[in-house]
Amino acid sequence: MKRLLYIIFPLAGIFFIVTTAFSKRSNPSEEKVIPANSFHSGDIILRESHGMLGELFKSFSLNERKFSHAGFINSVNGEICVSHFTDEQKGVVCEKLSVFISKDKCKSFAIFRPKYSISQSMSIKQIINDPGNRLIPFDSKFDLSSDDAMYCTEWVYKCLIKVDIHTPLTQSKGGVYIAPDNLYINNLVKKIYEASY
């Protein structure tokens, strides 16, 4: 599986960049506005991204191939954003929620809330706002055993582990990894909101 990813990932990345550069801007009136009471800092947000790269990441899920990218809802200086891992060597970035869920970025999205205790809820906010997150490079090898580099779902998974929430993993002939559906097809989270374009 890893050998296949070495070939597919660079090609998918080039296709993603090209299609993004030439995509049409969406009508602002078509964008989704999530009710303010539908999310909290620490909620997991998943989206179905456009392009070949999105399709590739969706294919990692074995139970439900619906989403391709994941992050955390986060409140920074009073602004609601999404902390998520990128493939642009920027580590974890904080992007406005409205941008993360825009029609230009995705076809659909959903928010899931882990069943945090009060102390877990406080801890996860500190963990996702750790400045060190910005220094972690993207893991193009998808190696779950190392913390030196990470991919989006791996980062969410490992943040949750730090507050003692252990979502399931996917095992395949290529090894063990964390797929998008591992983050929400379990009894550790509940769906808060879902929408599609």
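The values are calculated or read from the model by the stated rules, or taken from the named source; none is laboratory data. All figures in this text were calculated on a predicted structure; none of them were measured in a lab. Here the Cβ is made from the backbone with ideal geometry for all residues, glycine too, and neighbour counts use every protein chain on show. Please note that ligands, DNA and RNA were not included when accessible areas were found on the heavy atoms of the full protein model with its side chains. Shrake-Rupley method; radii C 1.70, N 1.55, O 1.52, S 1.80 Å.
Scan around Lys105 for amide H atoms under 5 Å from its own, H built in the peptide plane at 1.01 Å from N, and keep only partners 5 or more places away or cross-chain.
It is none; the list stays empty.
Give me the distance in nm between label points sitting 7 Å out from Cα along the Cα-to-Cβ direction at Ser172 and Asn37, one decimal.
4.1
Name the long-range amide H neighbours of Val92: under 5 Å, sequence gap of 5 or more, or other chain; modelled H, no Pro or chain starts.
Answer set, sorted by chain and number: Arg134, Leu135, Ile136.
Relative contact order for segment 79-179 using alpha-carbon pairs under 8 Å, separation at least 6, rounded to a whole percent?
On the way: 112 pairs, mean separation 25.2, N = 101.
Worked out over segment 79-179, it gives 25 percent.
Give me the accessible area per residue for segment 78-151, probe 1.4 Å, as a whole number in Å².
Numbers: 3700 Å² over 74 residues.
Ligands and nucleic acids excluded, the figure is 50 Å² per residue.
Quick check on my link table: of Lys115/Lys141; Lys58/Lys141; Lys107/Lys141; Lys96/Lys190; Lys141/Lys173; Lys58/Lys96, which ones sit more than 20 Å apart, alpha carbon to alpha carbon?
Where the Cα-Cα span goes over 20 Å, the pairs concerned are Lys115/Lys141; Lys107/Lys141; Lys96/Lys190; Lys58/Lys96.
Going highest first, how would you order 177-184, 33-40 by mean Cβ packing within 10 Å? Don't skip to the end; give the middle numbers.
Numbers: 177-184: 23.4, 33-40: 12.2.
Result, highest mean first: 177-184, 33-40.
Can you send over the solvent-accessible area of Asp164, 1.4 Å probe, protein chains only, in Å² to the nearest 10?
Probe radius 1.4 Å; accessible area of Asp164 about 110 Å².
Under a point-charge model restricted to the Cβ atoms of Lys and Arg (+1) and Asp and Glu (-1), what is the dipole moment magnitude of segment 98-197 relative to its Cα centre, in debye to the nearest 20? Walk me through the numbers on the way to the answer.
On the way: 13 positive and 10 negative charges, 81 e Å.
Dipole magnitude for segment 98-197 comes out near 380 debye.
Evaluate E = 1/(1 + (r/R0)^6) for Tyr197 and Val93, where r is the Cβ-Cβ distance and R0 equals 22 Å; express this FRET efficiency to the nearest 0.05. Please list the in-between numbers first.
Numbers: r = 23 Å, r/R0 = 1.04.
So the FRET efficiency works out to roughly 0.45.
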